[in-house]
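The values are calculated or read from the model by the stated rules, or taken from the named source; none is laboratory data. Since the model is a prediction, treat every value here as computed from it, not as a measurement. Note that each Cβ is placed from the backbone with ideal geometry, even for glycine, and that neighbours are counted across all protein chains shown. SASA here: full protein model, heavy atoms, side chains in, ligands and nucleic acids out. Shrake-Rupley method; radii C 1.70, N 1.55, O 1.52, S 1.80 Å.
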Amino acid sequence: MKIGILGGGQLGMMLADAARDLSIETRVLDPKPDAVAARVTQLLTADWADPRARDALAECDVVTYEFENVPTAAVESLQADVPVHPSPDALAFSGDRIVEKNLFRELGIETAPFAQVDSKEDLERAVSEIGLPAVLKTRRFGYDGKGQAVLRDASDVETAWRQLGGQALILEGFVPFDREVSVLAARGRDGEMRYWPATENVHVDGILHISRAPAAAVSAELLASADAGLEALMARLDYVGVLVVEFFQVGDRLIANEMACRVHNSGHWTIEGAKTSQFENHMRAIAGLPLGDTDVPGFAAMINLVSEIPALDALEGQPGIYLHVYGKAPAPGRKLGHITVVAETRPALEERIRQVLAVVGDRAAGSSTPASPPAS
Ligand code: AMP
């Protein structure tokens with residue numbers, strides 16, 4: 001079995017790692033010669049549209065992708081010769097925030113109020129309909145909080161339009177969330193589904209800082225409604241692989257923000273924290289293998305290493321602490337690695353998180369976003 005992966009960043013690298021443990025060969029395509037997946041597998045350095053690279057991937061048994069901005073034409077051309085999972089249809093839905101939110105609504109998944117914005121007049125109309133505060137975002141190609149502006153009062157309308165106008169935009173009502181929760185699931189070729197427990201996420205400056213799983217104090221009803229949302233999405237998209245939906249929790253409601261049709265940063269803790277990782281189950285799903293057990297024996301957390309890698313010697317080999325340094329060149333706001341922490345109890349997990357933050361620094365310190373979960 002040989003699997004082609006479009007994209008050779010850290011997600012591609014961890015997918016290739018998981019494949020190796022399943023004795024699956026991988027081939028990764030990335031236009032960047034320094035793509036880190038080269039550390040663990042064969043990297044084809046070529047443009048997405050390069051015909052020779054395309055043919056090399058078309059020789060695989062199945063092709064997948066690690067990021068969502070792969071040109072649709074490249075994926076569609078491959079699909080003529082080799083199965084591509086998740087299907088390019090799913091990619092089209094998740095690549096446009098309006099199309100994605102319409103799909104959520106169609107399936108009865110709650111979203112924030114939103115409106116399409118293509119002109120300054122649209123923006124003014126949307127602001128009067130939705131009210132302030134609100135968030136103006138690009139419909140496409142936004143990630144890690146890039147391509148968005150929060151509008152708090154009327155004077156922000158002009159500034160936000162100057163910053164983002166001229167592209168296809170969406171205005172969303174600002175959700176005063178208690179916390180952010182993501183739900184990951186895997187669906188096999190035969191429709192079998194496995195869910196990991198909900199993960200609680202803290203973002204700083206739009207970039208994921210800490211994930212904790214299982215998220216504390218999620219009622220069975222809330223979890224069931226989230227899982228039902230994912231099941232409906234996956235059935236509708238005839239989905240094969242791992243899907244994540246990011247939700248805002250407000251009281252006992254979950255409001256969907258966005259989905260990612262791929263493995264996701266908020267699921268990195270599954271490598272050590274769950275019986276089967278998101279990477280392994282993604283590979284199992286697309287390879288047509290039975291899915292692995294998604295149970296979580298204890299508690300897990302993941303802390304991202306962003307912008308620079310500090311000295312980690314004090315954490316090496318410490319019980320319950322696992323270091324992942326991707327080997328990427330440092331740059332402001334770039335995800336360079338992550339640390340997984342596992343423990344048998346929640347207090348022990350929090351103690352280990354403190355141990356890690358004391359060494360790597362707490363990005364949330366000095367920010368308005370708390371690193372600790374709310375008391376609930
Ligand atoms: P996104 O790129 O949509 O994932 O947004 C990045 C982060 O911005 C989210 O994780 C939230 O912390 C915040 N955010 C995005 N949209 C909203 C919203 N409608 N209301 C409140 N916060 C938001």
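For first residues located in segment 356-375 and closer than 23 Å to Gly251 by Cα and at pLDDT 50 or above, partners that are part of a helix (DSSP H, G or I) and of a type in the set (S, T, N, Q) and lie 6+ apart or on another chain with Cβ distances below 8 Å do not occur.
Table: residues versus (1) surrounded by fewer than 21 Cβ atoms within 10 Å (Cβ to Cβ); (2) modelled with pLDDT of 95 or more; (3) outside any helix (DSSP H, G or I).
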position: Ala216; (1), (2), (3): yes, no, yes
position: Ala235; (1), (2), (3): yes, yes, no
position: Val244; (1), (2), (3): no, yes, yes
position: Thr276; (1), (2), (3): yes, yes, yes
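State whether one or more residues within segment 144-152 are touching a residue at least 60 places away in the same chain (Cβ under 8 Å), in a loop (DSSP other than H, G, I, E, B) and touching a Leu at 6+ places or on another chain (Cβ under 9 Å). Yes - at least one qualifying residue is present in segment 144-152. The set of residues in segment 300-315 that are under 21 Å from the mean Cα position of the chain (by Cα) and aliphatic (A, V, I, L, M) comprises Ala300, Ala301, Met302, Ile303, Leu305, Val306.
Candidates in segment 201-225 are the residues that are within 16 Å of the ligand (Cβ to nearest atom) and aliphatic (A, V, I, L, M); of these, the one that is nearest to Arg352 (Cα to Cα) is Ile210.
The set of residues in segment 99-133 that are of a type in the set (Asp, Glu), more than 28 Å from Arg236 (Cα to Cα) and either within 15 Å of the ligand (Cβ to nearest atom) or open to solvent by 80 Å² or more (accessible area, probe 1.4 Å) (or both) comprises Asp118, Glu121, Glu124, Glu129. Just one of the listed residues (Ala19, Ala38) is small (Gly, Ala, Ser) and open to solvent by less than 20 Å² (accessible area, probe 1.4 Å), and it is Ala19.
Taking strands (runs of 3 or more DSSP E) as the structural unit, those lying wholly within segment 14-110 and holding at least 2 residues that are within 29 Å of Leu230 (Cα to Cα) correspond to 25-30, 62-65.
When restricted to residues that are within 16 Å of the chain's Cα centre (by Cα) and near the ligand (Cβ under 10 Å from one of its atoms), segment 136-193 contains 7.
So is Met259 out of contact with any Gly (no Cβ under 9 Å at 6 or more places or on another chain), touching a residue at least 40 places away in the same chain (Cβ under 8 Å) and not aromatic (Phe, Trp, Tyr) or not?
Yes; evaluated as a whole, the condition is true for this residue.
Being out of contact with any helix residue (DSSP H, G or I) (no Cβ under 8 Å at 6 or more places or on another chain), on the phi < 0 side of the Ramachandran plot and of a type in the set (Val, Ile, Thr), is that true of even one residue in segment 95-114? Scanning segment 95-114, I find at least one residue that is out of contact with any helix residue (DSSP H, G or I) (no Cβ under 8 Å at 6 or more places or on another chain), on the phi < 0 side of the Ramachandran plot and of a type in the set (Val, Ile, Thr), so the answer is yes.
Would a scan of segment 60-70 turn up a residue that is under 30 Å from Leu254 (Cβ atoms), more than 16 Å from the ligand (Cβ to nearest atom), surrounded by fewer than 23 Cβ atoms within 10 Å (Cβ to Cβ) and of a type outside the set (Phe, Trp, Tyr)? For segment 60-70, residues under 30 Å from Leu254 (Cβ atoms), more than 16 Å from the ligand (Cβ to nearest atom), surrounded by fewer than 23 Cβ atoms within 10 Å (Cβ to Cβ) and of a type outside the set (Phe, Trp, Tyr): present. The residues of segment 23-42 that are of a type in the set (A, V, I, L, M) and either within 23 Å of the chain's Cα centre (by Cα) or at pLDDT below 95 (or both), listed by number, are Val28, Leu29, Ala35, Val36, Ala37, Ala38, Val40. Taking every residue in segment 100-128 that is in contact (Cβ under 8 Å) with a residue 24 or more places away in the chain and pairing it with any residue that is part of a loop (DSSP other than H, G, I, E, B), at least 6 positions away or on another chain, the pairs with Cβ-Cβ distances below 7 Å are Ala112/Val175; Asp118/Ala168; Lys120/Gly165.
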